[in-house]
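Read through the structure below, which is laid out as structure tokens, and then see the notes.
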């Protein structure tokens, strides 16, 4: 929640800052219509939260700032000898001398301007440091935002037009009135009190990289101011700006660099840096290319003059564009705001191709030569490219239809030239606008330049890091500018990648007609790829109230299909509402939506009002890279975890089967054990019964022993106690005696009997003998009997 | 959030995946608008459409994410299939490469998407082979046929992976509604409103082992010593 709050505050500041910029411009610009425009715009951007409490006394410093400019002009005329800005000598004859000299005198002014302002600031700070601190403690202002504001707010100064120069008195006469008439809210005027105009403006005097002299005075005064700010920031309780969390030195360094506050300058410097990082030979090739392009300027101009198309001739600011063509860097440095305005209004169609190429330093004869060679080679993407070109209405319905072969060649050749990128759906949307404005070989050069220098390559690389980065930056900017909208989308589960992917990959070409894309291209080429974020954010802001009312599915389809209707002219919207079919309608719709049905100028102008600081973009980029790095790490970790998980799963399975085996074994053992236990139990029972038996037996033994021991003393007792057992023993003795006597008798008798027996035996023996004798006689007799019978028988 | 519909309406998040130019957007266009365009624009990023249809008692509201087919948009795909209850993996029956890609998508879905996601495999551009009479009977790919992926191949993959399988033609509307209806029928009633919010429940139950599950072979007699 606290996050949101701080976001809110910075948004306010952001808006205010913008309002202030607009205001400054109005003071300079005398055109009525412009004033009205800006005024409207201003009302748009100034948020409802603008405080009114600062109204009183707020005008005073604003006047001062006007005075500064006045004084500035004075000093400029006095010290006109200083000319530290080299002017390139490659002007065409077309440029007339007056312009050149004018440019020279004008270019001096920023330096002087800077000094005067710098002094002024120092004075101011010496005079009212407390006020500023108090002010800050109340109103939370991020130093970054302020500096951004400063860098732009002082911007108009270096390019004062003839009018202000001629009529400085007018401005001085009643500056208060002019300011009041321009804006009727005090908040933004208050701002100019709060923040002294800072001397940052002089820094874009980066003509060549070699000439990039550090403006020391400015930095010094800036540092003083910054330290003051930092103190005030630290004093206030609720503020938590990046300054407090960042390393101060680092922050100072970043703040001291104008590149961080101006996309246009940032882009130019990157282009120039790239140019100067090349070898001398390559640079020469590019220079020759540029020179060739410059020469066509005259041809184009004369060509148009021949047509006698008065309105066309008048519609083009020939003087300005000739300056752009001659030395773009210088125009950026000296006519920064005019340049932005003119580009916002659209580069004239006739000059567009040339201007684009000069801005990007793309034309190179050697690369064109390479194109012609590579063109002949085969690409693995040929089929896919052909198939997509045939079914891309952006291509088939546009003027480039006749150049479809060139389009195919350029895209195909690029896929050969840069096999790592190859071909990505969406490339056609980038190439078509190029081919609309230049020859195919030039378009190829520019495509290569855009890919390489402008970050398009990352957009189309298989990993699409550029796309993810843009989406992240888009999210963060939206979060800063419209936290409520951002959190609503988050809560609804709608991610920017769901709807904004195609915006960025095609620079809005997927939904917008070519004319709009060309205008977006103007900005992108001047300010870099990241300026598409301006368009994206602007579209979101314009439809914010509507978006906040939508539910998920309506939300997605609205964001994808209808977000652009804000810039449709009313009648078309009605027509569209009656025919709500989304996808089918689209192709027909595309044909019906011509340049006239969109408020094209508003679209571009509104978008350009969205302030993007390269500083913040860089910061977001760093954040994104950190997040991305962590994500990749996480993914790698996930991957390793997944593989180790797989291994562990296998191990688990192995262990499980081993466990099952063990379990079975365990069961067996357990069973055995149970049986053993039963056995033991039985044995124990047996044992017990045996023990009992033993005990019983022991008892019996004991009792028997006892009995026995009882019996013994009994016997002894009977022997000793004669008196009591005399009779018994005498009886017994008598009995024994009797028995013995009897025994003797029996023995006597026995002896007698034995004698009788021996007698009888003897008798028996004699009898036996007698029997023997008798037997013999019997035999004899028998024998005799036999012989007798014989005798008788016969 | 998306509970504005009646109780009987089931919101089903469905994602279309498949190689470039197999006819994903055309299938959706046919299903949602009953329309067909030759040379449909290539999808950049993804398209979102909704369509309601009634199956028996239930009203099913399909929230369809039609993704871009080109390989390099694959890095965006997880966002769309995350939390999807249904997926339609499309290939072109005249392009074998698209069938291989379909295989990959099925694999990725099985690994990364919500468990229990209903997947239908869809061999599109059936109209291109209708004139091949021979293949109708034999099921084989004849030499002259434009068909390069046989019905059997598709069916086999579907059986292996437990997918529904259809051959469709967005051009002639053949089987298009049937695919979506079949998906709708397979969506369990319980999973209502699930797909409306991708940010909800980021649970990725992919390939995890439930260590807390009880081991079944527990022995009650374990070691009494």
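Which members of region A:275-313 meet the condition of being loosely packed, with under 11 Cβ neighbours inside 10 Å and either in a loop (DSSP other than H, G, I, E, B) or at pLDDT below 80 (or both)?
A:279, A:307, A:308, A:310, A:311
Check region A:678-696 and report whether any residue there is within 12 Å of chain B (Cβ to nearest Cβ) and either part of a helix (DSSP H, G or I) or modelled with pLDDT under 90 (or both).
no
For residue B:30, are the conditions met, namely being touching a residue at least 40 places away in the same chain (Cβ under 8 Å) and more than 11 Å from chain A (Cβ to nearest Cβ)? Steps first, answer last, please.
Details: touching a residue at least 40 places away in the same chain (Cβ under 8 Å): yes; more than 11 Å from chain A (Cβ to nearest Cβ): no.
No, not satisfied.
In region B:59-76, is there at least one residue being within 20 Å of residue B:185 (Cβ to Cβ), at the interface with chain A (Cβ under 9 Å from one of its Cβ atoms) and outside any helix (DSSP H, G or I)?
As a first pass, look at region B:59-76 and keep what is within 20 Å of residue B:185 (Cβ to Cβ): B:59-64.
From what's left, at the interface with chain A (Cβ under 9 Å from one of its Cβ atoms): B:61, B:63.
From what is left, the residues that are outside any helix (DSSP H, G or I) are B:61, B:63.
Yes, that holds for at least one residue.
Show me the helices (runs of 4 or more DSSP H) found entirely inside region A:423-503 where at least 1 residues are closer than 22 Å to residue A:408 by Cβ and not assigned by TED's automatic domain parsing to the domain that holds residue A:550.
On the way: elements: A:427-437, A:440-453, A:456-460, A:465-481, A:483-492, A:496-499.
Correct list: A:427-437, A:440-453, A:456-460.
So if I check each of A:366, A:379, which one is outside any helix (DSSP H, G or I) and away from every other protein chain (no Cβ under 14 Å)?
Numbers: A:366 fails: outside any helix (DSSP H, G or I).
Going through A:366, A:379 in turn, just one is outside any helix (DSSP H, G or I) and away from every other protein chain (no Cβ under 14 Å): A:379.
Just to be sure before I move on: is residue B:131 at pLDDT below 95, part of a loop (DSSP other than H, G, I, E, B) and touching a helix residue (DSSP H, G or I) at 6+ places or on another chain (Cβ under 6 Å) in the structure I sent?
Details: at pLDDT below 95: yes; part of a loop (DSSP other than H, G, I, E, B): yes; touching a helix residue (DSSP H, G or I) at 6+ places or on another chain (Cβ under 6 Å): no.
No; evaluated as a whole, the condition is false for this residue.
Inside region B:9-27, can you point out the residues that are closer than 16 Å to residue B:127 by Cα and more than 7 Å from chain A (Cβ to nearest Cβ)? Lay out the reasoning, then the answer.
Going through region B:9-27, the residues closer than 16 Å to residue B:127 by Cα turn out to be B:21-24, B:26-27.
Result: B:22, B:23, B:24, B:26, B:27.
Considering region B:48-58 alone, what residues qualify as being in a strand (DSSP E or B) and either more than 8 Å from chain A (Cβ to nearest Cβ) or on the phi > 0 side of the Ramachandran plot (or both)?
Step one: list which residues in region B:48-58 are in a strand (DSSP E or B), which gives B:48-55, B:58.
The answer is B:51, B:52, B:53, B:54, B:55, B:58.
Using the structure shown, decide if residue B:45 is surrounded by 24 or more Cβ atoms within 10 Å (Cβ to Cβ), more than 7 Å from every other protein chain (Cβ to nearest Cβ) and under 19 Å from the mean Cα position of the chain (by Cα). Show your work before the answer.
Numbers: surrounded by 24 or more Cβ atoms within 10 Å (Cβ to Cβ): yes; more than 7 Å from every other protein chain (Cβ to nearest Cβ): no; under 19 Å from the mean Cα position of the chain (by Cα): yes.
In short, no.
Assess whether residue A:530 counts as being at the interface with another protein chain (Cβ under 10 Å from one of its Cβ atoms) and either within 19 Å of the chain's Cα centre (by Cα) or farther than 27 Å from residue A:328 by Cα (or both).
Details: at the interface with another protein chain (Cβ under 10 Å from one of its Cβ atoms): no; either within 19 Å of the chain's Cα centre (by Cα) or farther than 27 Å from residue A:328 by Cα (or both): yes.
Considered against the rule, which asks whether it is at the interface with another protein chain (Cβ under 10 Å from one of its Cβ atoms) and either within 19 Å of the chain's Cα centre (by Cα) or farther than 27 Å from residue A:328 by Cα (or both), residue A:530 comes out as no.
Can you say whether residue A:473 is away from chain B (no Cβ under 14 Å) and either free of Cβ contacts under 8 Å to residues at least 40 places away in the same chain or crowded, with 24+ Cβ neighbours inside 10 Å (or both), as far as the supplied structure shows?
yes
Go through A:464, A:438, A:451, A:446 for me and flag whichever is more than 12 Å from chain B (Cβ to nearest Cβ), without any contact (Cβ under 8 Å) to a residue 60 or more places away in the chain and either more than 23 Å from residue A:513 (Cα to Cα) or in contact with a helix residue (DSSP H, G or I) (Cβ under 6 Å, 6 or more places away or on another chain) (or both).
Details: A:464 fails: more than 12 Å from chain B (Cβ to nearest Cβ); A:438 fails: without any contact (Cβ under 8 Å) to a residue 60 or more places away in the chain; A:446 fails: without any contact (Cβ under 8 Å) to a residue 60 or more places away in the chain.
Result of the check over A:464, A:438, A:451, A:446: A:451.
Name every residue in region B:77-93 that is surrounded by fewer than 24 Cβ atoms within 10 Å (Cβ to Cβ), at the interface with another protein chain (Cβ under 9 Å from one of its Cβ atoms) and under 16 Å from residue B:25 (Cα atoms), in order of residue number.
Result: no residue meets the conditions.
Tell me yes or no: at least one residue of region A:507-518 is part of a helix (DSSP H, G or I), farther than 15 Å from residue A:607 by Cβ and free of Cβ contacts under 8 Å to residues at least 40 places away in the same chain.
No: zero hits.
The values are calculated or read from the model by the stated rules, or taken from the named source; none is laboratory data. Quick caveat, the model's predicted, so the values are computed rather than measured. Ideal geometry is used to build each Cβ from the backbone, glycine not excepted, and the neighbour counts take in all protein chains shown.
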